[in-house]
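Some notes on the structure that comes next.
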């Protein structure tokens, strides 16, 4: 299978600086070098030991791994309950008074939730779900802002053995409906709305619109966050504070099979239809909790803040399941980092003595743009560990983060993983790994990764290629919901016997991994993977558009920005007004994070003679680069016409 060579972007990474572990930090670190050695001697035995030591089982497992490529089953025969492992066992161990979450609303309201509070609220919510007919094996859709009821709802589902599918609150009604339909969810948990940048964002109207085309949903549970008038349909819609608050605080957790589906999370694919990624119970919980403890060096008295949204996998794994399984005290913040001012995060760190921060390079670059005067206003001396997630971090952002947020002394863990992997797979271990700004360093103990060429052969050190994984890991996806063939084709067909992550990577002469970004048609905007096909489909859905092609353009803040090339139907003229209308149309159909920053009208698109759009050339045009190979173009004059218009593309 012929593939285009990887783009020459490797030279952007500075490999000159190294940061050895601080001896004092290393002396107290959770992780030790011996972990790598144990995992390499017997990786199945390594995970089996951890599963027995770290998880509470209702029934012990008898087989560590069943691997029938590409389908894995971990800890076969075992039974447990994820909610019990995240909440009840800590209360039973005397940690009921320990804070599980410090929650901060954007307007300034706060809540403190202990593990005893969490146990009580999860049990009551689970009883409410039972009253609404939810049973083990059902799917529950959750469409909420960043409020405590969101993790409570997830854990209530897990308590009953029902799977949840969380849909990011920024998605449109149409996107929500598509995910509900695919999952065949019987219940939707939502809210009247939430706060973002000082404005009320109403969610219930979008939920109602989605439910007009989602007949599988029989009941809706609504959290009151904003107040005011909220449309409620009699017999279908129920207020959380009325239904949940009157429930019993006793709800025994349901033991489920180690491979029982814990959740579905939808991610962009290379077709317009999102993929429902299946994650199961025991292996996922082990992978997230162990990586959380080792990579962030979490101690019992730490205050840990993952500044993601729970609607993305980062929030599932490193706000909810991993940290709670470790009895960690976490911070949840509802709003934007610049509201009311650009020091909101630093104020929260000072107020709550946050010691670990995990966020996206997009946010770090946005803070860099505002200058170091904002963090300098606050006492950040509580910081012990900094982490980054979502995309490769450029060395400049890494160094700024470490100096101005970490005081020049904290380890920085640059992590690589995906929705599909469930857990972090490539990362430094603080106290163990000598770090290089911009490099995710090495695979986590027990993980076998490689960089291969187009034929699947391992590339020598110093070379670039395709990032692959060569053996199963506990938190890996178990498939695409309802479509095993698509799972095999998407992840396992490019390089037989290997999971292809879709990312390019290089290894330097020291074996350090440097991630180079996507090599397929999925863009990475502010850490969010967005399919070009989904945005193109939304544009073509507009009555004026005949054809569209979308590429990612490098952006200093968001990593990539969406650049749309649009061909209009005959007789329709392009205009600034139509450009705004098309951008808004994409926002309505998919969501605001998919709104093109650049949109250009073009009489035609560069295509091969077989009719395939050559997005590679469009990327060259968007970036202002010299064109690559044009020999397969059907009409070479098209690119000249497009280039003549590029100056007026930006919003």
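The values are calculated or read from the model by the stated rules, or taken from the named source; none is laboratory data. Just so you know, these numbers come straight off a predicted model, no measurement behind them. Every residue, glycine as well, gets a Cβ built from its backbone with ideal geometry; the counts of neighbours run over all protein chains shown.
Strands (runs of 3 or more DSSP E) fully within segment 482-558 that include at least 2 residues being touching a strand residue (DSSP E or B) at 6+ places or on another chain (Cβ under 8 Å) and at pLDDT 85 or above: 499-507, 513-518, 545-555. Every residue in segment 359-374 that is surrounded by 21 or more Cβ atoms within 10 Å (Cβ to Cβ) and in contact with a helix residue (DSSP H, G or I) (Cβ under 6 Å, 6 or more places away or on another chain), please. Selection gives 361, 364, 365.
All conditions but one from (1) out of contact with any helix residue (DSSP H, G or I) (no Cβ under 8 Å at 6 or more places or on another chain); (2) farther than 25 Å from residue 200 by Cα; (3) surrounded by fewer than 19 Cβ atoms within 10 Å (Cβ to Cβ) apply to residue 402; the one that does not is (3).
When residue 345 is tested against (1) closer than 30 Å to residue 203 by Cα; (2) touching a residue at least 60 places away in the same chain (Cβ under 8 Å), exactly one condition is not met: (2).
The set of residues in segment 589-608 that are surrounded by fewer than 18 Cβ atoms within 10 Å (Cβ to Cβ) and part of a helix (DSSP H, G or I) comprises 592, 593.
With the requirement that a residue be more than 16 Å from the chain's Cα centre (by Cα) and at pLDDT 95 or above, what does segment 272-284 give you? Within segment 272-284, 280, 281, 282, 283 qualify.
I'd like to verify a number: residues in segment 275-300 that are assigned to a strand (DSSP E or B) and either surrounded by fewer than 24 Cβ atoms within 10 Å (Cβ to Cβ) or in contact with a helix residue (DSSP H, G or I) (Cβ under 9 Å, 6 or more places away or on another chain) (or both), how many? Result for segment 275-300: 5.
Yes or no, residue by residue, for (1) surrounded by fewer than 20 Cβ atoms within 10 Å (Cβ to Cβ); (2) farther than 22 Å from residue 446 by Cα:
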{"position": "51", "(1), (2)": "no, no"}
{"position": "56", "(1), (2)": "yes, no"}
{"position": "63", "(1), (2)": "yes, no"}
{"position": "66", "(1), (2)": "yes, no"}
{"position": "72", "(1), (2)": "no, no"}
{"position": "80", "(1), (2)": "no, yes"}
{"position": "83", "(1), (2)": "no, yes"}
{"position": "87", "(1), (2)": "no, yes"}
{"position": "92", "(1), (2)": "yes, yes"}
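Total residues in segment 53-103 satisfying the condition of being closer than 19 Å to residue 332 by Cβ, part of a loop (DSSP other than H, G, I, E, B) and within 27 Å of the chain's Cα centre (by Cα): the figure is 0. Listed here are the strands (runs of 3 or more DSSP E) enclosed by segment 165-274 that have at least 1 residues being free of Cβ contacts under 8 Å to residues at least 60 places away in the same chain: 187-191, 193-196, 199-202, 219-223, 237-239. When we screen 320, 389, 413, 313 for residues that are out of contact with any helix residue (DSSP H, G or I) (no Cβ under 9 Å at 6 or more places or on another chain) and buried (at least 23 other Cβ atoms within 10 Å of the Cβ), the only hit is 313.
Per the listing 573, 534, 581, the residue uniquely surrounded by fewer than 20 Cβ atoms within 10 Å (Cβ to Cβ) and over 14 Å from residue 597 (Cα atoms) is 573. Take residue 383 and tell me if it is buried (at least 21 other Cβ atoms within 10 Å of the Cβ), in contact with a helix residue (DSSP H, G or I) (Cβ under 8 Å, 6 or more places away or on another chain), in contact (Cβ under 8 Å) with a residue 24 or more places away in the chain and part of a loop (DSSP other than H, G, I, E, B). It is false that residue 383 is buried (at least 21 other Cβ atoms within 10 Å of the Cβ), in contact with a helix residue (DSSP H, G or I) (Cβ under 8 Å, 6 or more places away or on another chain), in contact (Cβ under 8 Å) with a residue 24 or more places away in the chain and part of a loop (DSSP other than H, G, I, E, B).
The residues of segment 8-38 that are modelled with pLDDT under 70, more than 17 Å from residue 397 (Cβ to Cβ) and in a helix (DSSP H, G or I), listed by number, are 10, 11.
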